[in-house]
Amino acid sequence: MFITFEGLDFSGKSTQVKLLSDRLSLADHNVLVLREPGGTEIGEKIRKLLLDKATMGMTDVSELFLFSASRAQLVDEVVKPALEGGLVVVSDRYYDSTTAYQGWARGISLDSVNAINRCASGGIVPDLTFFLDIPVAEVERRIQRARSNKDRMESNGKEFYEKVRQGYLALAKQEKRFRVLDGEKGVDDLHDSIWQEVDSALKQTATGQPKK
């Protein structure tokens, strides 16, 4: 099973990825946790380029191809073998991020983005995608509370992030695999909701029932 987490920066994705992977392990599932961009030697080098504020002059199309190059390496080198080996793969971001950030927010043609996504992913589609939805104003509050220095991607303005959020919400209406969760809920409440969905999906897979 392939499970992905999506959302704006500081939406709590990484926390929920960790909680889910820990619970899957306790339930005797073999689980592999990944993040995008990165996850391979080549991907980590690309990640540094993408997040480095020294590369602020990067064009939107260059950004799109770099994210996709990292993903293509990750899918071929890690994701595909793991899924074929029966592991539960949990990823912090996947190609829906590219659709929301580079398509909806950067304004690159969605047809082009979708074609590149298909190529970079090798046709591997998540079984479940959790979108942790938070208002853009909450992103700023969380950054301030964390006293975090913004990386290149986090340095985009409010209008950019509003477009990203709308992109995710549009995807959620189109894709049955999406589950939209209130990212402002408590950490434990969110985890319980996520676990119910994952546990149900795993049981359906085990019994050969069709996914909802």
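The values are calculated or read from the model by the stated rules, or taken from the named source; none is laboratory data. Just so it is clear, the model here is predicted, and its values are computed rather than measured. Quick reminder, even Gly has a Cβ in these numbers, built from the backbone with ideal geometry, and neighbours come from all protein chains shown. Accessible surface is based on the protein model in full, side chains and every heavy atom, while ligands, DNA and RNA are left aside. Shrake-Rupley method; radii C 1.70, N 1.55, O 1.52, S 1.80 Å.
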Query raised in the report: Within the range 102-120, is even one residue touching a residue at least 12 places away in the same chain (Cβ under 8 Å), farther than 30 Å from residue 59 by Cβ, more than 18 Å from the chain's Cα centre (by Cα) and part of a loop (DSSP other than H, G, I, E, B)?
Result: no
Query raised in the report: of a type in the set (A, V, I, L, M), under 15 Å from the mean Cα position of the chain (by Cα) and in a helix (DSSP H, G or I): does that describe residue 75?
Result: yes
Query - Check on residue 152, open to solvent by 70 Å² or more (accessible area, probe 1.4 Å) and either modelled with pLDDT under 90 or in contact with a strand residue (DSSP E or B) (Cβ under 6 Å, 6 or more places away or on another chain) (or both) - result: no
Report summary line: Note on the range 1-42: residues β-branched (Val, Ile, Thr) and closer than 13 Å to residue 88 by Cα are 3, 4, 17, 31, 33
Query raised in the report: Name the pairs: first residue in the range 136-163 and within 18 Å of residue 100 (Cβ to Cβ) and assigned to a helix (DSSP H, G or I), second residue open to solvent by less than 30 Å² (accessible area, probe 1.4 Å) and among the acidic types (Asp, Glu), Cβ to Cβ under 9 Å, at least 6 apart or on different chains?
Result: 139/9; 139/154; 161/9
**Report entry** Residue among 199, 188 that is over 30 Å from residue 59 (Cα atoms) and open to solvent by 70 Å² or more (accessible area, probe 1.4 Å)
**Finding:** 188
Requested in this report: Just name the residue that is nearest to the chain's Cα centre (by Cα) out of those in the range 35-53 that are open to solvent by 30 Å² or more (accessible area, probe 1.4 Å) and touching a residue at least 60 places away in the same chain (Cβ under 8 Å).
Outcome: 51
Query raised in the report: Among the residues of the range 82-94, is any buried (at least 16 other Cβ atoms within 10 Å of the Cβ), of a type in the set (Ser, Thr, Tyr) and touching a residue at least 60 places away in the same chain (Cβ under 8 Å)?
Result: yes
